[in-house]
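J.: Sharing a structure, written as structure tokens. Questions coming.
The values are calculated or read from the model by the stated rules, or taken from the named source; none is laboratory data. All of these numbers come straight from a predicted model, not from anything done at the bench. Positions of Cβ are backbone-derived with ideal geometry, glycine not excepted, and every protein chain shown enters the neighbour counts.
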Amino acid sequence: MSSTSLATVVPTICARPDGGGQAALDSLDEAARTHAVAPATVAVVRQEYQDLLHSAESEMGRIYQDQAGLRDEVLAGFRRYLAAVERNAIGQAARRGLIANEAARELTAAVDVRLASLGEPALDEDDP
């Protein structure tokens with residue numbers, strides 16, 4: 001893996017809500033809540049991890065601004081992710097009987113049209 005891709009991956013993992021840095025802070029919160037660690041220790045370690053996360057987020061911002069290709073890739077990926085979330089919600093609503101199957105197909109088709117207008121392919125998922 002090149003240093004550029006490492007510089008991209010490491011801050012992304014650390015700063016994501018489900019990444020290592022946030023997981024460590026969550027564990028630290030649990031240790032503080034249960035009094036498993038002295039409050040002074042919690043304060044020091046919390047600050048270290050918050051600094052790490054802040055650095056990672058700053059580095060992500062710098063990389064994001066410096067690399068138009070990465071920015072476009074992140075936007076495209078996020079659009080696909082949100083479309084998948086939207087399609088999933090439509091499918092769940094249809095399965096629960098909250099909307100008719102025909103309405104679900106129309107809504108799903110609308111999501112696909114939006115993706116196509118953005119230059120993104122339709123998602124390959126089963127119809128609701």
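J.: Within the range 92-102, can one find any residue that is acidic (Asp, Glu), surrounded by fewer than 12 Cβ atoms within 10 Å (Cβ to Cβ) and modelled with pLDDT of 80 or more?
T.: Going residue by residue through the range 92-102, those that are acidic (Asp, Glu) are 102.
Then drop every residue that is not surrounded by fewer than 12 Cβ atoms within 10 Å (Cβ to Cβ), which leaves 102.
Filter once more, so that each one left must be modelled with pLDDT of 80 or more: 102.
Scanning the range 92-102 turns up at least one residue that is acidic (Asp, Glu), surrounded by fewer than 12 Cβ atoms within 10 Å (Cβ to Cβ) and modelled with pLDDT of 80 or more.
Conditions (1) surrounded by 14 or more Cβ atoms within 10 Å (Cβ to Cβ); (2) among the β-branched types (Val, Ile, Thr); (3) modelled with pLDDT of 85 or more; (4) not in a helix (DSSP H, G or I), marked per residue:
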residue	(1), (2), (3), (4)
21	yes, no, no, no
24	yes, no, no, no
30	no, no, yes, no
35	no, no, yes, yes
44	no, yes, yes, no
47	no, no, yes, no
60	yes, no, no, no
63	yes, yes, no, no
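J.: Name the residue that is nearest to residue 115 (Cα to Cα), counting only residues in the range 68-79 that are modelled with pLDDT under 85 and surrounded by 15 or more Cβ atoms within 10 Å (Cβ to Cβ).
T.: My answer is 74.
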